[in-house]
1. Here are 421, 493: which of them is within 23 Å of the chain's Cα centre (by Cα) and farther than 30 Å from residue 558 by Cα?
2. So, of the residues in the stretch 310-336 that are assigned to a loop (DSSP other than H, G, I, E, B) and either under 22 Å from residue 99 (Cβ atoms) or modelled with pLDDT of 95 or more (or both), which turns out to be nearest to the chain's Cα centre (by Cα)?
3. Before we move on, is residue 346 under 25 Å from residue 167 (Cβ atoms) and either in contact with a helix residue (DSSP H, G or I) (Cβ under 8 Å, 6 or more places away or on another chain) or in contact (Cβ under 8 Å) with a residue 40 or more places away in the chain (or both)?
4. When you go through (1) modelled with pLDDT of 95 or more; (2) surrounded by fewer than 17 Cβ atoms within 10 Å (Cβ to Cβ) one by one for residue 12, which number turns out not to apply?
5. Determine, yes or no, whether residue 393 is part of a loop (DSSP other than H, G, I, E, B), modelled with pLDDT under 95 and assigned by TED's automatic domain parsing to the domain that holds residue 17.
6. Of the conditions (1) at positive phi; (2) modelled with pLDDT under 90; (3) more than 25 Å from the chain's Cα centre (by Cα), residue 550 satisfies every one except a single condition; which number is it?
7. Restricting to the stretch 585-601, name every residue that is under 20 Å from the mean Cα position of the chain (by Cα) and touching a residue at least 60 places away in the same chain (Cβ under 8 Å).
8. Does the stretch 539-547 include one or more residues that are over 23 Å from the mean Cα position of the chain (by Cα), surrounded by fewer than 21 Cβ atoms within 10 Å (Cβ to Cβ) and over 29 Å from residue 207 (Cα atoms)?
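The values are calculated or read from the model by the stated rules, or taken from the named source; none is laboratory data. What you see is a predicted model; the values in this text were computed from it and never measured. Using ideal geometry, Cβ is built from the backbone for each residue, glycine included, and neighbour counts are taken over all protein chains shown.
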């Protein structure tokens with residue numbers, strides 16, 4: 001969808017009240033009350049977040065709720081607690097035999113843990129880590145799909161203060177190597193295999209391919225996901241079962257100061273090197289509990305499913321940490337949502353009587369494409385709330401979901417956040433504030449924001465600019481691993497406002513205060529809710545010997561939101577099918593299948609500035625068919641643009 005189409009959608013938008021009454025669990029019950037609380041929260045920011053944090057269990061009090069200014073702010077300074085206690089122990093004490101987790105596999109497998117079993121596995125894994133010599137501040141890499149053991153492994157790290165890095169199980173060996181080397185992980189927890197669309201995908205073998213290049217790794221723990229045959233190196237590799245059996249006792253939770261680093265999550269940036277974002281534990285918990293409360297209103301009797309992969313921050317926010325804190329019953333799923341057929345999503349909701357789901361717009365667009373006939377085969381009448389994040393949701397799909405999937409009785413909450421923000425900080429307050437089809441709701445209390453122009457001046461409602469966050473909040477990433485200067489230089493770049501966070505997303509604030517996110521203003525694209533660096537992809541493309549230059553840009557896609565297109569110049573004449581195969585192979589090996597290009601187009605010339613920089617913005621405008629191009633004053637070879645337009649249109 002072009003900017004012009006998006007702006008037209010904003011102008012034509014309407015407010016839609018929630019079909020579900022606001023619950024008495026929420027402290028805000030109406031739009032007018034939201035406006036009052038929001039204004040007060042910004043005026044008394046420290047006090048507001050103190051009240052949120054006080055809902056959790058703490059071992060010792062803090063001396064200051066908020067100290068410093070962005071980019072360096074301490075939250076709940078001096079206070080100690082433990083994330084695993086707040087997410088697991090306090091529920092296990094009151095309902096040890098209630099179901100905590102239901103883990104489903106693509107092949108039809110089902111495994112459940114009660115709260116008591118989850119606590120036991122977590123505390124034993126924490127004890128086993130200590131037995132291996134893992135201590136507070138050491139890095140543990142978790143290269144697992146969505147399994148019961150994944151939850152225990154993450155919370156075992158929280159329990160002893162180890163820093164964990166969850167790595168997407170679909171990444172290539174090269175992407176895995178980059179992250180292991182950067183974090184200098186001492187322990188890797190992985191699985192024998194995962195399964196996707198009926199095929200076994202090697203995880204342990206992928207790790208074995210590169211582990212000799214990571215001397216920091218001392219131990220590898222392997223979960224038996226499929227039971228496939230894998231080599232185990234004596235003295236280094238151990239099964240999950242033996243790992244737990246060797247635990248001398250159940251580890252007590254370590255008191256962790258609120259600002260100590262808890263985990264690293266990598267996100268693509270505008271350079272070829274991914275950024276290792278560092279989040280604190282208790283700050284992340286405070287902010288995600290706040291987020292989940294307002295965005296989902298989770299309750300202990302809910303059966304709830306977050307469809308994201310654990311390797312993307314949506315899952316820790318809305319299930320693994322922020323979600324788990326509410327003591328509901330949680331569904332985990334390892335597999336493709338449309339396999340063995342497109343009804344798998346509906347089938348899980350129907351069979352397990354799921355009443356709340358967090359997913360991506362990509363999933364809904366795919367379901368809408370299959371229409372009503374597929375939907376009518378399943379009873380999903382218990383589903384009352386559907387929350388979303390990842391990329392903008394178009395109004396057409398929103399309306400289909402509301403009318404057909406929800407039958408006008410289900411609430412749709414389209415939210416917005418980033419790995420850097422650690423929460424989806426724009427959202428409806430469910431039941432209390434109205435939605436607008438296509439918008440991301442309004443900023444939650446405690447989160448100040450505005451839309452600014454290139455000079456940092458605040459824009460009026462309806463004008464397109466960069467979305468900036470103007471206040472600190474607890475879930476914001478604290479730094480980039482081993483590179484604090486890059487953290488400051490990338491994220492605190494709003495002209496005239498060194499303490500504002502730059503999202504690098506284009507957005508509009510409308511007259512009603514709703515946030516509309518239009519897309520990236522830098523070189524990162526969203527593919528099915530996965531942020532991918534175009535620079536990282538270009539680096540892979542340029543390893544193909546026949547390619548001289550490369551530019552990767554994202555174009556709109558009705559299912560995935562965006563897809564990458566590689567535009568290249570070649571050293572010799574290469575048949576299109578050969579070129580496409582070589583580029584796809586290079587990107588898949590370097591990054592993973594998720595980054596496979598939608599198309600590879602060879603052209604004679606690329607638009608460049610006088611300094612030789614490729615003007616990717618113009619390539620995107622040409623690809624989406626924009627008739628009037630943006631500023632071309634800095635383009636040295638402006639005469640090629642119309643020829644280039646014809647080349648691209650002929651080959652796509």
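1. 493
2. Residues of the stretch 310-336 assigned to a loop (DSSP other than H, G, I, E, B): 310-313, 321-323, 327-328, 335-336.
Still in the list and also either under 22 Å from residue 99 (Cβ atoms) or modelled with pLDDT of 95 or more (or both): 310, 321-323, 327-328, 335.
On the way: 310: 9, 321: 13, 322: 13, 323: 14, 327: 22, 328: 21, 335: 18 Å.
Among those that are assigned to a loop (DSSP other than H, G, I, E, B) and either under 22 Å from residue 99 (Cβ atoms) or modelled with pLDDT of 95 or more (or both), it is 310.
3. On the way: under 25 Å from residue 167 (Cβ atoms): no; either in contact with a helix residue (DSSP H, G or I) (Cβ under 8 Å, 6 or more places away or on another chain) or in contact (Cβ under 8 Å) with a residue 40 or more places away in the chain (or both): yes.
When the stated conditions are applied, residue 346 does not pass them.
4. (1)
5. Values: part of a loop (DSSP other than H, G, I, E, B): yes; modelled with pLDDT under 95: yes; assigned by TED's automatic domain parsing to the domain that holds residue 17: yes.
For residue 393, the condition - part of a loop (DSSP other than H, G, I, E, B), modelled with pLDDT under 95 and assigned by TED's automatic domain parsing to the domain that holds residue 17 - is met.
6. If we test residue 550 against (1) at positive phi; (2) modelled with pLDDT under 90; (3) more than 25 Å from the chain's Cα centre (by Cα), just (1) comes out false.
7. Just the residues of the stretch 585-601 that are under 20 Å from the mean Cα position of the chain (by Cα), to begin with: 591-596.
Correct list: 591, 592, 593, 594, 595.
8. Scanning the stretch 539-547 turns up at least one residue that is over 23 Å from the mean Cα position of the chain (by Cα), surrounded by fewer than 21 Cβ atoms within 10 Å (Cβ to Cβ) and over 29 Å from residue 207 (Cα atoms).
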